Amino acid sequence: MSRAKVVHVCSECGTTHAKWAGRCAGCGDWNTLVEDVEVDNTSAPVAASTRPGPTRIGDVGTEHGHPVATSIPELDRVLGGGLVAGSVTLLGGEPGIGKSTLLLQLLAAWNGPTLYVTAEESAQQVKRRAERLGAARDDLWLHAETSMPHILDAIERIRPELVVIDSIQTVSDPALGSLPGSVGQVRGCAQRFVNEAKERDVTIVLVGHVTKEGGLAGPRVLEHVVDTVLQFEGDRHHALRLLRASKHRFGPTNELGLFEMANGGLVGVPDPSSLFLADRRTGIPGSAVVPTMEGQRPIVVEVQALTNPSVPGVPPRRSALGLDGGRLSMLMAVLGRRSRVMVGDQDVYASTAGGVKLNEPGLDLGVCLAVVSAVRDQPMPADLAVFGEVGLGGELRQVGQAARRLTEAARLGFRRVIVPTNSPDCDAGIDVIRAATLSEAIAVAGLGSGALRATG
């Protein structure tokens with residue numbers, strides 16, 4: 001007979017504690033233990049396993065496990081080709097960002113029977129949204145249910161190829177004994193869905209809530225048991241949406257998918273560089289154009305900076321939007337120490353135009369030149385782009401995919417690009433200006449004395 005006992009579970013790592021403590025013994029975080037009910041089933045008989053035993057590696061077939069295209073190019077780009085049968089994908093994002101819209105469009109584009117389990121909304125609400133998006137079709141089944149046994153029964157009866165659970169935090173299993181939404185319920189239900197996906201060879205997508213900090217809510221083990229973790233980002237007040245993979249067992253995790261929210265749903269953005277530079281104004285101090293790389297995709301963005309004298313006696317402020325705040329502080333220190341650009345008495349605000357979040361070393365040179373342009377109130381040439389990593393010694397270091405960066409800049413009409421000296425040669429039809437140090441790059445950009453001659 002099973003017995004229930006009260007335990008305390010860490011909401012970050014899932015470590016179980018017999019009693020409450022201020023600090024988790026597993027991950028070391030403070031104030032993360034929450035009360036839960038654990039059912040002891042040690043005395044229950046163990047069912048015989050239905051899975052096959054060990055298999056020689058040469059006898060393992062490889063005909064299965066290939067991704068199936070979703071007919072949504074931006075989603076397929078992030079997933080490395082599509083969804084894999086038997087896999088479980090966790091999709092996280094803020095409320096109202098468009099997760100349900102994306103998944104309804106996915107279900108509508110899927111070639112085969114699909115099941116949408118709506119555990120938060122009624123079937124009527126989902127139907128109205130599907131009709132508005134043009135996603136209503138005969139092979140799409142709706143099931144407004146929160147009970148795990150009833151959901152599994154629906155999967156057994158319908159035999160869908162793709163199942164969406166919206167959301168995993170609202171599904172509960174009576175056999176677990178704990179309250180709906182608790183750490184134990186979320187962890188147990190997720191593991192149950194993973195087992196069902198593997199046994200039935202069905203693709204399952206779980207929708208997850210996010211915390212105030214933007215991370216997925218629930219125990220960290222939730223991210224470990226699934227095959228893919230997708231993050232859907234963006235501002236509800238702007239149309240741009242970004243899709244990233246923080247974990248993907250079937251492909252890379254550095255690809256970026258971009259969507260634009262329109263009246264008819266989410267529309268893929270095949271040329272993000274043109275979108276990000278559409279509202280750019282030339283001749284404005286504090287602006288630099290940087291060709292960046294997201295996976296195999298070159299994206300040209302505008303980095304903007306603004307400086308203002310700080311309040312005497314108060315440490316200068318460093319504010320970054322779409323950039324790494326710690327990286328911005330380091331670059332300001334390098335500017336002051338190695339290039340004699342005094343920003344110690346200036347508040348510095350830096351952002352990437354368009355709302356995109358980027359974190360790659362190739363942005364360093366663009367951030368520094370944008371700040372110097374703002375400090376000296378001198379605009380950079382309109383046909384000039386820059387990229388490169390800045391070291392603590394003030395040296396410029398090469399970054400990957402230089403050829404693709406140069407080609408993308410040339411396609412958008414830029415005629416000159418400042419790059420680190422050791423960057424590989426590339427015939428992209430654009431003037432390449434090489435600089436060894438940050439000070440040289442400042443001079444090349446026309447923001448100091450002693451301009452260098454273009455080469456390449």
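Every number in this text was worked out from the coordinates using simple rules, so none of it is lab data. Worth saying up front: this structure is predicted, and the values here are computed from it rather than measured. Cβ atoms come from the backbone with ideal geometry, glycine included; neighbour counts cover every protein chain shown.
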| note | D (µm²/s, integer) via Stokes-Einstein for the range 68-269, Kirkwood Rh across alpha-carbon pairs, 37 °C, 0.692 mPa s: value 195
| In degrees, nearest 10, range 0 to 90: what is the angle between the Cα axis of helix 325-338 and the longest Cα principal axis of the chain? | 20
| Any idea what diffusion coefficient the range 298-456 gets from Stokes-Einstein, in µm²/s, Kirkwood Rh on alpha carbon pairs, 20 °C, 1.002 mPa s? | 136
| remark: For residue 142, the residues 5 or more places away or on another chain with a placed amide H closer than 5 Å to its own amide H are 116
| request: Throw me the Rg/Rh for the range 156-302, computed over C-alpha atoms with Kirkwood Rh, two decimals. | output: 1.07
| field | Nonlocal amide H pairs with residue 15, under 5 Å, H built at 1.01 Å | value | 10
| note | Plugging the Cβ-Cβ distance of residue 412 and residue 158 into 1/(1 + (r/R0)^6) at R0 = 51 Å yields, to the nearest 0.05, a FRET efficiency of 0.60
| Can you tell me the Rg and Dmax of the chain, counting just the alpha carbons, in angstroms? | 26.1, 84
| note | So the FRET efficiency between residue 6 and residue 281, C-beta based with R0 = 35 Å and rounded to 0.05, is 0.05
| Amide proton proximity set for residue 167, modelled H, under 5 Å, gap of 5+ | 119, 120
| Packing-based order for 366-373, 322-329, 292-299, using average beta carbon neighbours within 10 Å, highest first | 366-373, 292-299, 322-329
| Between residue 121 and residue 296, what FRET efficiency follows from the Cβ-Cβ distance if R0 is 51 Å, with the result rounded to 0.05? | 0.85
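Order of 122, 310 from fewest to most other C-beta atoms within 10 Å?
122, 310
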| query | Separation of the range 250-286 and the range 342-403 by C-alpha centroid, Å? | reply | 20
| said: Students often check this: by mean Cβ neighbours within 10 Å, which of 26-34, 103-111 ranks highest, and how do the rest follow? | reply: 103-111, 26-34
| field | No Cys partner within the rule (Cβ under 4.7 Å), the chain | value | 189, 368, 426
| query | Relative to the longest principal Cα axis of the chain, at what angle does helix 148-158 sit, 0 to 90 degrees, rounded to 10? | reply | 90
| request: Please work out the Cα center distance from the range 96-142 to the range 424-439, rounded to the nearest Å. | output: 49
| Hey, if you put +1 on the Cβ of every Lys and Arg and -1 on every Asp and Glu Cβ in the chain, which of 447, 172, 292 ends up farthest toward the positive end of that dipole? | 447
| field | Most to least packed among 424-434, 251-261, 183-193 [average Cβ atoms within 10 Å] | value | 183-193, 251-261, 424-434
| said: Tell me the mean residue ellipticity at 222 nm calculated for the chain from its helices only (DSSP H runs of n ≥ 4, each -39500 (n - 2.57), averaged over every residue, nearest 500). | reply: -7500 deg cm²/dmol
| query | Quick one: helix 99-109 against the long Cα principal axis of the chain, what's the angle to the nearest 10°, folded into 0 to 90? | reply | 70
| query | Want the number for residue 35 to residue 357: 0.36 nm per residue separation, take away the alpha-carbon distance, what's left? | reply | 112.3 nm
| task | Please give every one of the lysines within straight-line cross-link reach of residue 357, meaning a C-alpha to C-alpha distance under 20 Å, and leave out same-chain neighbours fewer than 8 residues apart. | result | 99, 212, 247
